[in-house]
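Following: one structure in structure tokens, then a few remarks.
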Amino acid sequence: MAALTGLLFLAPMLTAATPTRDWSATATMKPDGAYVIGNPAAHVKLMEWASYTCSHCAHFSNESAPVLKGQMIRSGSTSFEVRHLVRDPLDLGAAILARCAGPRGFAGAHAAVMAGQDAWLKKGAEYAQANADKLQAMPQPVAIRQLADAAGLTAIVKARGLSDPAIAACFADKAATDKLLALSATVPADLQGTPTFYLNGKLVPNVGWTQLEPQLRAAGAR
């Protein structure tokens, strides 16, 4: 009886100690190709139209990560939808590579590409300028891959575990690229460039992380 009483006493403690799910590495693809990072059923839904060659997008990604990803998305209270606005060939290469990681790897690949933007964007722009004629003469998938390799983008996702055959298959996947470009073409009329944010479906104009965080908190993000 004493042993049973002790087990009954410990049961609530064991239940309380059970860790909650970490949603920050979870991503799901919507039918139109956008990726939702976090709990798809989250009460707070943040959407960003983003470009990988947009410096403000990279700044937001890096600045917001400790709280947005580390707390709000992680807890399951908030989901974060990434919608790609492809602006140029280097941006297209970055998006293909981030998405090549699939649902399991997209969240980490997206963050890694944004975190390394200063280095790969400079290298890629320099390579594109010096090899414009050469790139223009190549089939588009080959040219985009060549540019991504030269910029150092491919190395970023390889460091995260993507193999060269997998990367080659992603660049050769015309249907996936067409879907990405079709998504990019669905920008709403009130889009203000990149990044543009929508909170629970409502445009939040002209904000960075400093202005957006309190609005997320007010909506219930934790």
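The values are calculated or read from the model by the stated rules, or taken from the named source; none is laboratory data. Since this is a predicted model, take the numbers as computed values, not measurements. Every residue, glycine among them, receives a Cβ derived from its backbone with ideal geometry; neighbour counts consider all protein chains shown.
Brief remarks follow.
- Some residue of segment 185-207 being assigned to a helix (DSSP H, G or I) and either in contact with a helix residue (DSSP H, G or I) (Cβ under 8 Å, 6 or more places away or on another chain) or closer than 17 Å to Trp49 by Cβ (or both): no
- Residue under evaluation Gln71, criteria (1) in a helix (DSSP H, G or I); (2) touching a residue at least 12 places away in the same chain (Cβ under 8 Å); (3) closer than 25 Å to Ala159 by Cα, criterion not met: (3)
- Matching residues in segment 129-140 - criterion: being surrounded by fewer than 18 Cβ atoms within 10 Å (Cβ to Cβ) and more than 25 Å from the chain's Cα centre (by Cα): Gln129, Ala130, Asn131, Ala132, Asp133, Lys134, Gln136, Ala137, Met138, Pro139
- Among residues of segment 99-120 being of a type outside the set (Lys, Arg) and touching a Leu at 6+ places or on another chain (Cβ under 9 Å), the one that is farthest from Val36 (Cα to Cα) is Trp120.
- Val113 falls short on exactly one of the conditions (1) part of a helix (DSSP H, G or I); (2) over 19 Å from Leu181 (Cβ atoms), and that condition is (2).
A quick yes/no check of all residues on (1) out of contact with any Asp or Glu (no Cβ under 7 Å at 6 or more places or on another chain); (2) at pLDDT 95 or above; (3) surrounded by fewer than 18 Cβ atoms within 10 Å (Cβ to Cβ); (4) not aromatic (Phe, Trp, Tyr):
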{"residue": "Phe106", "(1), (2), (3), (4)": "yes, yes, no, no"}
{"residue": "Tyr127", "(1), (2), (3), (4)": "yes, yes, no, no"}
{"residue": "Val142", "(1), (2), (3), (4)": "yes, yes, yes, yes"}
{"residue": "Lys179", "(1), (2), (3), (4)": "yes, yes, yes, yes"}
{"residue": "Phe197", "(1), (2), (3), (4)": "no, yes, no, no"}
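- Only a single item in (1) surrounded by fewer than 20 Cβ atoms within 10 Å (Cβ to Cβ); (2) in a helix (DSSP H, G or I) is not met by Arg87, and it is number (2).
- For the residues Ala172, Ala148, Ala166, Ala189, the requirement of being within 22 Å of Ser61 (Cα to Cα) and either among the aliphatic types (A, V, I, L, M) or at pLDDT 95 or above (or both) singles out Ala148.
- Residue within segment 48-60 that is surrounded by fewer than 22 Cβ atoms within 10 Å (Cβ to Cβ), among the hydrophobic types (A, V, I, L, M, F, W, C), more than 22 Å from Asp190 (Cα to Cα) and in contact (Cβ under 8 Å) with a residue 40 or more places away in the chain present: no
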